[in-house]
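The structure under discussion appears below in the form of structure tokens.
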Amino acid sequence: MEVNRVQTERDLNEVYSIRKKVFVEEQGVSEQEEYDEHEQTSAHVLATYNGQPAGAGRVRLLDNVAKLERICVLPEYRKFGVGAAITTALEVEGKRLGAAKTKLHGQTQAAPFYSKLGYETVSDVFHEAGIPHVVMTKKL
């Protein structure tokens, strides 16, 4: 498995394709909500498993905090550690950007996964794109 920062248009298109499959098709998020004004200013990563695109995520700096976003793994690659590898790669990218802390809006069903990676829930449940989420943070 590899997780690399997106450098080419081809890889960015793979990221968008994965996000469409997971968030739009599987979870019912509208494309208008999925793709936003932060696409061009975020650092994107693409995970591959046995050479095949498997997952994606992005990170951007907000007030010296790395905000991890759009972390997703295609169904056939779940349970292979792809999500953890993506999260770690985004944390590394956040450090490179100068952040000492990360935060994310985790879907409540994924909160136990992020907890295992050292994230702490710091909010009540709220809805984003019709899906329950919590804010989670971690010191880098």
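Points to keep in mind about this one:
- Members of the range 1-28 found to be in contact with an Asp or Glu (Cβ under 7 Å, 6 or more places away or on another chain) and within 10 Å of H44 (Cβ to Cβ), listed by number: R5, R19
- For the range 32-140, the strands (runs of 3 or more DSSP E) that sit wholly inside it and include 3 or more residues that are open to solvent by 20 Å² or more (accessible area, probe 1.4 Å) and either modelled with pLDDT of 95 or more or of a type in the set (K, R) (or both) are 52-62, 65-73, 101-107, 131-139.
- Among (1) in contact (Cβ under 8 Å) with a residue 40 or more places away in the chain; (2) in a loop (DSSP other than H, G, I, E, B); (3) open to solvent by less than 20 Å² (accessible area, probe 1.4 Å) - the single one I18 does not satisfy: (2)
- Verdict on V22 being β-branched (V, I, T) and under 18 Å from K139 (Cβ atoms): no
- The set of residues from the range 1-15 being among the basic types (K, R) and in a helix (DSSP H, G or I) comprises just one member, R10.
- Filter result (under 23 Å from L97 (Cβ atoms) and polar (S, T, N, Q)) within the range 1-47: N4, Q7, T8, Q40, T41, S42
The values are calculated or read from the model by the stated rules, or taken from the named source; none is laboratory data. Please read these numbers as outputs of a predicted model, since none were measured by experiment. No Cβ is skipped: glycine too gets one built from the backbone with ideal geometry, and neighbour counts run over all protein chains shown. Areas reflect the complete protein model, heavy atoms only, side chains present, ligands, DNA and RNA absent. Shrake-Rupley method; radii C 1.70, N 1.55, O 1.52, S 1.80 Å.
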